[in-house]
1. Which residue is surrounded by the fewest Cβ atoms within 10 Å (Cβ to Cβ), if the candidates are limited to region 272-285 and must be of a type in the set (A, V, I, L, M, F, W, C) and in contact with a helix residue (DSSP H, G or I) (Cβ under 8 Å, 6 or more places away or on another chain)?
2. Tell me, yes or no, whether region 66-75 has at least one residue that is touching a helix residue (DSSP H, G or I) at 6+ places or on another chain (Cβ under 6 Å) and either surrounded by 24 or more Cβ atoms within 10 Å (Cβ to Cβ) or farther than 26 Å from Ser227 by Cα (or both).
3. Does Asp238 satisfy the condition of being among the charged types (D, E, K, R), surrounded by fewer than 15 Cβ atoms within 10 Å (Cβ to Cβ), assigned by TED's automatic domain parsing to the domain that holds Val104 and farther than 25 Å from Tyr60 by Cα?
4. Could you check how many residues of region 406-453 are at pLDDT below 80 and β-branched (Val, Ile, Thr)?
5. Which residue, of Val263, Val244, Val295, is in contact (Cβ under 8 Å) with a residue 40 or more places away in the chain and farther than 21 Å from His65 by Cα?
6. Please verify whether Thr141 is under 17 Å from Leu239 (Cα atoms) and at pLDDT 50 or above, treating the condition exactly as stated.
7. Say whether the condition of being crowded, with 17+ Cβ neighbours inside 10 Å and farther than 16 Å from Ala400 by Cα is met by at least one residue in region 305-315.
8. Given the structure, is Leu270 farther than 21 Å from Val388 by Cβ and touching a strand residue (DSSP E or B) at 6+ places or on another chain (Cβ under 6 Å)?
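The values are calculated or read from the model by the stated rules, or taken from the named source; none is laboratory data. For clarity, every value in this text was computed on a predicted model and none was experimentally measured. Here the Cβ positions follow ideal geometry from the backbone for every residue, glycine too, while neighbour counts run over all protein chains shown.
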Amino acid sequence: MQEANQGGTVVAILPGMSRISALWALWLLLASGLALAEDAAPRAALIEIDGAIGPATSGYVEKAHRKALDSGARLIVLRVDTPGGLDTSMRDIIKLIVNSPVPVVGYVAPGGARAASAGTYILYACHVAAMAPATNLGAATPIPVGGGSWPAPPGKDEDRKPKDEDKDKDGKGKDAGSEAEAAKPAPDAMQRKVINDAIAYIRSLAEKRGRNADWAEKAVSEGASLSAEKALEQKVVDLVAADVGDLLKQIDGREVETTAGKVRLQTAGLALDRIEPDWRMRFLSIITNPTVAYVLMLIGIYGLLLEGYHPGAILPGVVGAICLLLALFAFQILPVNYVGLGLIILGVVLMIAEAMMPSFGALGFGGVVAFVFGSIMLMDIDVPGYGVNLGIVVGIAVGACALLALTLYLLWNARRAPVVTGGASLIGQRAEITEPIQGEGWAWVAGERWRVRTRQPVQPGERLRVVAMEGLVLVVEPESK
C-alpha cells in the first residue's frame, strides 16, 4: 500500500489503484462531506396559502408544518394571499401557529396580494407579521353561512337610538342620517354572539402578539381594511419587506415567544426550503372547489339516470357513481345548503320525467326553476371563494330549457304526424279490386290482400279508399264520396 499527500491530505492508495482513481475517491469524499454540511446548515421552511381557505388548505398547512418540524427547520415563513374562507379551516391553521414550537412568520406577498377576512386572523396569530408593499389586510367581519349579512355592528339597541341632545325642538333628528340610522334593525342574539365571538378571538390574538387590538376589533365589527404602510403605522404588522430575503434580514435578532420558550431569531443568510402540497392535497383542493363539486354532482346524477334508462351501457353508470361519490365527499366538508341540494335533485328528476311522461312543459319548466334556485342556494355565495360559478348555472339552465323546448317541438310534430303502424295506418289508404264486389270481396291495400266490405256494388278500376276497419275486414268506399 502506498500513501500520497494531496494538498495536505493523506490518501491511501491500495495496490492496483491508480493515482487518478485515488483522486476521484477523494473528490467523492469531499462532495459527500459538503452535502452533509449543507443538510446540517440551518434552514427555514416556506408554506404558501394561495386562494380561498378551506379544508384542503388547512390539511396542506398541517402536513407542511409537520414536515418542517421533522426536517429541523428553525423558522416557518407562511406566505399569505387569500380573500378569506371557512371559519373552521382558519381556526385549524391558527391552532397550529399558536402551538408551534418553531416561530411562524406571516408574510402577505407578493405585491398586490391580500390577507382579507380569515387571512387577517391568521396574520395576527403569527409570531411575526409582515407585509409586502402594495398589499392589504382587513375586512374580517364573519359572514353567516347560507347567505345574508349582519344588519349592524354589535351593540345594544338603545345605543343606536337618537339621544335627546341629538334632536331639535320638534323632536326630529338634527341630521338626515339620524332617523335612518335609528330605523336600522338590530342584530338578533345569534348574530351578536357570532360577531362578539369573532371580536374576542381576534383581540386575544392581538394581545398575545402585542399588536393593535382596537383596529382588529374594527376589522371585525366595521369591516375595516388597511394598506401595508398604514398597517405598519398603526402597529397592526411588525414590518414591511420587499421580498423574502429582505424579510429574513429585518427579523434577524428579534425575540419571539413560542410554546418552547423565548427564541431569538437568527435568520441572516438562512436557506429557504419551499414545501409544496402533495398530489393528494392538490386533488382534494380541486374537488372541494364548489364549482367542480357542483359539476361532479350533475355528471353523477345524469350518469346514473342514463344507466337506469339504458341498462347494460355500463360506462355512464360507472362514471356517474364515481363522480357522485366524489361530489358527496366534497359536500361533506363544504358549507352546503341541503335545501338547495334537494331542489337540484328534484329539478333534474322533473326534467327527466318531462321527457318520459310528456306534460306539455309543466314538469320540465318546473324542473328548470327548481334546478336554478337550488343551484343558487347550494353554496354560501357570501363566503369568498366558495360560491358556485353563476355562469355555469346559467349555461346548464339554458341548455336544459333548449332541450325541453326541443322535446316539446318533437312531441307536437309527432302528434300531428300520420299513423304509420298498426291497423289505424290503413285508414285513408287506396284499395284496388280485380273483380266486381257486391257486399264483401277481396282487394289489395298497401301491398297486401285484405277482405273488404262495401255498401254498394263496385267494379274493377274504380278508385276506392279505406274508411274504417271492423275486425279484420276493411270498409271501403269510392273516392268520389
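1. Kept after step one, since they are of a type in the set (A, V, I, L, M, F, W, C), are these residues of region 272-285: 272, 275, 279, 281, 283-284.
Imposing the further condition that a residue be in contact with a helix residue (DSSP H, G or I) (Cβ under 8 Å, 6 or more places away or on another chain) reduces the set to 272, 275, 281, 284.
Numbers: Leu272: 15, Ile275: 20, Met281: 18, Leu284: 20.
It comes out as Leu272.
2. If we filter region 66-75 for residues that are touching a helix residue (DSSP H, G or I) at 6+ places or on another chain (Cβ under 6 Å), which is where we start, we get none.
No: zero hits.
3. Numbers: among the charged types (D, E, K, R): yes; surrounded by fewer than 15 Cβ atoms within 10 Å (Cβ to Cβ): no; assigned by TED's automatic domain parsing to the domain that holds Val104: yes; farther than 25 Å from Tyr60 by Cα: yes.
No, not satisfied.
4. The total comes to 4.
5. Details: Val263 fails: farther than 21 Å from His65 by Cα; Val244 fails: farther than 21 Å from His65 by Cα.
None of the others qualify; the one that does is Val295.
6. On the way: under 17 Å from Leu239 (Cα atoms): no; at pLDDT 50 or above: yes.
So Thr141 does not fit the description; no.
7. yes
8. Working: farther than 21 Å from Val388 by Cβ: yes; touching a strand residue (DSSP E or B) at 6+ places or on another chain (Cβ under 6 Å): yes.
Here the answer is yes, as Leu270 does meet what is asked.
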